[in-house]
Amino acid sequence: MCYAVGMKKEIILNNIERRKTSIAQKSVVKLEMKVEEDDMKQIVLYNPNLPEIVIDRVILNMRKVEDAFNTMRFSKFNPLTTSVTSLDDALEGFSKLSIEYGEMPGWPLEYTKGYTDADGSFEENIKKRIVAGLDTEKFTGNRKSWYFCNIVFAIEYFKSFDVFYRLSSKTKRILAGKMALLYGTGPFEGMETVFPKQYEAAVSCIKKLRAMNLDENEYVLMKVLLVLSPSLDGASDSERALLTSHSESYAKILFSYVIARRGRHGPRMYQEMLSCINMINHRTKIYKYTWELLGGSENINALYWKKL
């Protein structure tokens, strides 16, 4: 048709060749795009989240939470029974671990003049550093009521986990009661005279933990397992199942890490860690029953909060 209207034969042939070249080039581009798409698919297929990567990410996140927790403990934030007026007040809202309170001035605190770490044992030095009681007059300035503060800090720590917001108010209060016992029954001055058995148990637990030579990763995982322990009296079956599911996940991560770090001693050390957690939970129950027998409130936090 083009030839019929007078177009030269050379031009017609040239146009045909150009079309062929254009079609060939488009085919090459499509082929290259398909190859790139196939390569991208291969990247997705051959780079899954390996168990080792998941474990590393979980441990890294737990260490970040622990760092935030320790930063809060050493900060200016100094909750007292007069400032945290009720347990409900402490349990409300989101975790305060992300708040920047600033460093507490004058820390670390010093011993009484003339006393040094070398003058006493590890346990004796703990008793020297921690002031017993809840009287606000003792904790002015940069002194903290650690028995009370640690409970508030522990609640803020647990509030950083999504499982916290899936528990009922009743179970949250029970869990806070457990934390009150965990953080309120450490060795203190005079305890060996008044409560010799409890003192020996507390010291024995500290010595056992120190003998394990835990690194930071093992410590943070053991701490999570202790907090998420499903053995909570009064929790519903569904909540126990929820806590059990989370505990089992962290237990598997701890097992994998301990085996990788400790080699052939890993299985034995892992069992010792679980045994230590069970021992602490058992001691906590004994303290709870003791308080109840002595006429303490069913909710142990009544010892620390005047308004419930």
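The values are calculated or read from the model by the stated rules, or taken from the named source; none is laboratory data. Source: prediction; values computed, not measured. Every residue, glycine as well, gets a Cβ built from its backbone with ideal geometry; the counts of neighbours run over all protein chains shown. The area values use the complete protein model at the heavy-atom level, side chains included, leaving out ligands, DNA and RNA. Shrake-Rupley method; radii C 1.70, N 1.55, O 1.52, S 1.80 Å.
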- Task: Those residues that are without any contact (Cβ under 8 Å) to a residue 24 or more places away in the chain and open to solvent by 60 Å² or more (accessible area, probe 1.4 Å), I need them from segment 220-240; list them, please.
- Result: 237, 238, 240
- Scope segment 76-87; condition in contact (Cβ under 8 Å) with a residue 60 or more places away in the chain and not polar (S, T, N, Q); matching residues: 79, 80, 84, 87
- Which one of 128, 172 is assigned to a helix (DSSP H, G or I), modelled with pLDDT under 75, open to solvent by 20 Å² or more (accessible area, probe 1.4 Å) and out of contact with any Lys or Arg (no Cβ under 7 Å at 6 or more places or on another chain)? 128
- Can you name every residue in segment 215-230 that is modelled with pLDDT under 85 and in a helix (DSSP H, G or I)? 227
- Message: Among the numbered criteria (1) open to solvent by 70 Å² or more (accessible area, probe 1.4 Å); (2) over 25 Å from residue 77 (Cα atoms); (3) modelled with pLDDT of 70 or more; (4) part of a helix (DSSP H, G or I), which one does residue 193 miss?
- Response: (3)
